[in-house]
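*Asks:* Please see the structure below; I have some questions.
The values are calculated or read from the model by the stated rules, or taken from the named source; none is laboratory data. Everything numeric here is computed off the predicted structure, so don't read it as measured data. Neighbour counts are summed over all protein chains in view; Cβ atoms, including those assigned to glycine, are modelled from backbone coordinates with ideal geometry.
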Amino acid sequence: MIALDLEQAASSALYLDIHHVDFKDDGALRVCALLGDGWYEGEVMIEVGDQVNVTLADLYLDETAIRPLLQRIGRDALEQAVGEAVSRMKFAVDGGMRGRRPSAPRIVAYHLGGRTHTLSRIPVGVGPRKPRIPRRGCSQKAV
């Protein structure tokens, strides 16, 4: 969860809680998160590529729920703060191989403001057990 920077004092508690990040077909990032301020919480999707697009789900699903937030902050300021925060993030990508099969790359963490936030656990594979090599010690007699 990250705090968003807004100049308005009434919106100082605005936060973004990212729960999913993936790649779009065109190589852009798609970030899905909860956006909230203590009174409101709703889904937001941010697409980062050549441009940054912010989609507030409740503008289409439940406009009465998001209306008080937009009255306190303003839609343009809200979308700008969300877009700028996501644009400044650095993302960690895991992918390439799963065992012996290629896999699609996936985002496993993001870094912003000196903190790294993990999105999911990276699966760790265990290789075959190595044969045990007998130890040579002082108690063995030399032949």
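*Asks:* Tally time: how many residues in the range 27-63 are modelled with pLDDT of 95 or more and of a type in the set (Ser, Thr, Tyr)?
*Replies:* Count: 1.
*Asks:* If you don't mind, there's one more thing I want to ask. Just give me the residues in the range 65-83 being surrounded by fewer than 12 Cβ atoms within 10 Å (Cβ to Cβ) and either β-branched (Val, Ile, Thr) or over 24 Å from the mean Cα position of the chain (by Cα) (or both), in sequence order.
*Replies:* Gln71
*Asks:* Just checking, which of Asp50, Asp58 is acidic (Asp, Glu) and under 30 Å from Asp94 (Cα atoms)?
*Replies:* Asp50
*Asks:* Tell me which of these Ala104 doesn't satisfy, since it passes every other one: (1) at pLDDT below 90; (2) aliphatic (A, V, I, L, M); (3) surrounded by fewer than 16 Cβ atoms within 10 Å (Cβ to Cβ); (4) over 21 Å from the mean Cα position of the chain (by Cα).
*Replies:* (4)
*Asks:* Of all residues in the range 9-64, how many are in contact with a Phe, Trp or Tyr (Cβ under 9 Å, 6 or more places away or on another chain), in a loop (DSSP other than H, G, I, E, B) and crowded, with 17+ Cβ neighbours inside 10 Å?
*Replies:* Qualifying residue count for the region: 1.
*Asks:* Filter the range 66-97 for residues that are in a helix (DSSP H, G or I) and of a type in the set (Lys, Arg); which is modelled with the lowest pLDDT?
*Replies:* Arg88
*Asks:* Residues in the range 45-62: is at least one touching a residue at least 24 places away in the same chain (Cβ under 8 Å), in contact with a strand residue (DSSP E or B) (Cβ under 8 Å, 6 or more places away or on another chain), farther than 23 Å from Pro105 by Cβ and not small (Gly, Ala, Ser)?
*Replies:* yes
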